[in-house]
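Everything below concerns the one structure shown next.
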Amino acid sequence: MNKNKLNIIKGDITKLAVDIIVNAANKSLLGGGGVDGAIHKAGGSEILDECIKIRNKQGGCKTGEAVITTGGKLKANYVIHTVGPVWNGGKNHEEELLSNCYRNSLTLAYEHGAKSIAFPCISTGIYRFPKELAAKIAIDEATKFLQRQEIINEVIFVCFDDETYNIYSILLNDA
Ligand code: ADP
């Protein structure tokens, strides 16, 4: 029953008309490369202004945790910024920390009454987390979350390249 609430698309997360998009941010919350740079560029300075306020209040964001800001000029109402783990061989709690990113982002989205949320493939770019393992964790956490609430009814995994898209397609068909 939950399976049709999980969707995959190939493309640019900044273009999506969903309630919330998730950013693969870094601990500073000050923006960076990859999807982080694309979101700040498309969403405008309002997003960074709110990130700076959060940073001044709580000193950035820890790995695995998530904070929320306006969506600025994006179609999405909000951006959730979560900090994925840097892959460092797998023995440094990377899997648990990536699970926390998905769970904490979904919890924050739920608390803001979001019906739809889109995720990039957190940590699989500059942070080098193995793509298939990251996809398994993402699908697993989203599935578990969807089973225990009825507010969020669509979770979209946005795949930026064919390889990632194929990994998600296979995993979701097998699920
Ligand atoms: P991290 O530092 O968490 O690894 P990256 O931004 O380097 O974050 O990469 C995370 C994922 O986001 C990668 O799979 C990358 O291909 C993808 N990505 C980059 N730009 C975009 C975008 N505009 N929309 C969706 N995904 C993107």
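Here's the list of aspartates and glutamates a cross-link from residue 75 could span, going by alpha-carbon distance under 15 Å and ignoring same-chain residues fewer than 8 apart: 12, 19, 46. Considering Cα pairs under 8 angstrom that are at least six residues apart, work out the relative contact order of the stretch 90-167 and quote it in whole percent. After rounding, I find 41 percent. If both residues of a DSSP beta bridge must be in the stretch 3-174, then about 25% of such bridges are antiparallel.
Applying a DSSP loop filter and a limit of 16 other Cβ atoms within 10 Å to the trypsin sites (Lys or Arg not before Pro) in the stretch 1-33 leaves 27. Put a plus charge on the Cβ of each Lys and Arg, a minus charge on the Cβ of each Asp and Glu, and nothing anywhere else: the dipole of the chain about its Cα centre is then about 280 debye. Net charge dipole, the stretch 45-93: roughly 100 debye, given to the nearest 20, about the Cα centre with Cβ charges of +1 for Lys and Arg and -1 for Asp and Glu. Counting 0.36 nm for each residue step from residue 15 to residue 151 and taking away their Cα separation leaves a gain of 46.7 nm. By the helix-only formula, in which each DSSP H run with n ≥ 4 contributes -39500 (n - 2.57) and the sum is divided by residues, the chain has a 222 nm mean residue ellipticity of -13500 deg cm²/dmol. Accessible surface calculations at 1.4 Å, restricted to protein heavy atoms, place the chain at 50 Å² per residue. The GluC sites (Glu not before Pro) of the stretch 114-175 that DSSP puts in a loop, and whose beta carbon has at most 11 other beta carbons within 10 Å, are 150. Taking every Cα-Cα distance in the stretch 3-174 and sorting them into 10 Å bins from zero, the calculated P(r) comes out as 11, 43, 38, 8, 0 percent. Note: relative contact order over the stretch 3-174, using C-alpha pairs below 8 Å and six or more positions apart, is 30 percent. Just report the Cα centroid separation between the stretch 114-175 and the stretch 35-59, whole Å. Between the Cα centres of the stretch 114-175 and the stretch 35-59 lies a distance of 23 Å.
The values are calculated or read from the model by the stated rules, or taken from the named source; none is laboratory data. Worth saying up front: this structure is predicted, and the values here are computed from it rather than measured. With ideal geometry, Cβ positions are generated from the backbone for all residues, glycine too; neighbour counts draw on all protein chains shown. These area figures cover heavy atoms from the full protein model, side chains too; ligands, DNA and RNA do not enter into them. Shrake-Rupley method; radii C 1.70, N 1.55, O 1.52, S 1.80 Å.
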